[in-house]
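Visitor: Before anything else, here's the structure in question.
The values are calculated or read from the model by the stated rules, or taken from the named source; none is laboratory data. From a predicted model like this one, the values you see are computed outputs, not experimental measurements. Neighbour counts run over all protein chains shown; Cβ positions are idealised from the backbone, glycine included.
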Amino acid sequence: MTEEYELEACKVCHEDAAYVEEEGGWCVYVVCPHCGTLTAFCRYDKGQSREEAVKQAVDLWNMGKVIAERRGE
Ligand SMILES: [Zn+2]
């Protein structure tokens, strides 16, 4: 169960705490548990393997293509 990916620190809060989360067995995304910033969901049920979807989510994260979630602290 080892997954190989390198996640950069969060672009929003600069915490190095992001991880890949799986949603309902059909998509993955990267989320920062510190500030709630996340990437778009990357589906892997349509001709794309889960590994590819994880890589896609990681790439989105590292490019800074993220959705900042503003939660009241
Ligand atoms: Zn963050």
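Visitor: Before we move on, is Y29 surrounded by fewer than 20 Cβ atoms within 10 Å (Cβ to Cβ), touching a residue at least 12 places away in the same chain (Cβ under 8 Å) and among the aromatic types (F, W, Y)?
Guide: Numbers: surrounded by fewer than 20 Cβ atoms within 10 Å (Cβ to Cβ): no; touching a residue at least 12 places away in the same chain (Cβ under 8 Å): yes; among the aromatic types (F, W, Y): yes.
No: the conditions fail for Y29.
Visitor: Right, something else. In this structure, is E8 among the charged types (D, E, K, R) and surrounded by fewer than 13 Cβ atoms within 10 Å (Cβ to Cβ)? Talk me through it step by step, then tell me what you get.
Guide: Working: among the charged types (D, E, K, R): yes; surrounded by fewer than 13 Cβ atoms within 10 Å (Cβ to Cβ): no.
No; evaluated as a whole, the condition is false for this residue.
Visitor: Please verify whether D16 is within 16 Å of the ligand (Cβ to nearest atom) and modelled with pLDDT of 95 or more, treating the condition exactly as stated.
Guide: Spelling it out, D16 is indeed within 16 Å of the ligand (Cβ to nearest atom) and modelled with pLDDT of 95 or more.
Visitor: Let me ask another. So how many residues does region 36-59 have that are within 16 Å of the ligand (Cβ to nearest atom) and surrounded by 19 or more Cβ atoms within 10 Å (Cβ to Cβ)?
Guide: 5
Visitor: Right, another one. Restricting attention to region 44-59, which residues are touching a residue at least 40 places away in the same chain (Cβ under 8 Å) and either basic (K, R) or more than 14 Å from E4 (Cβ to Cβ) (or both)?
Guide: K55
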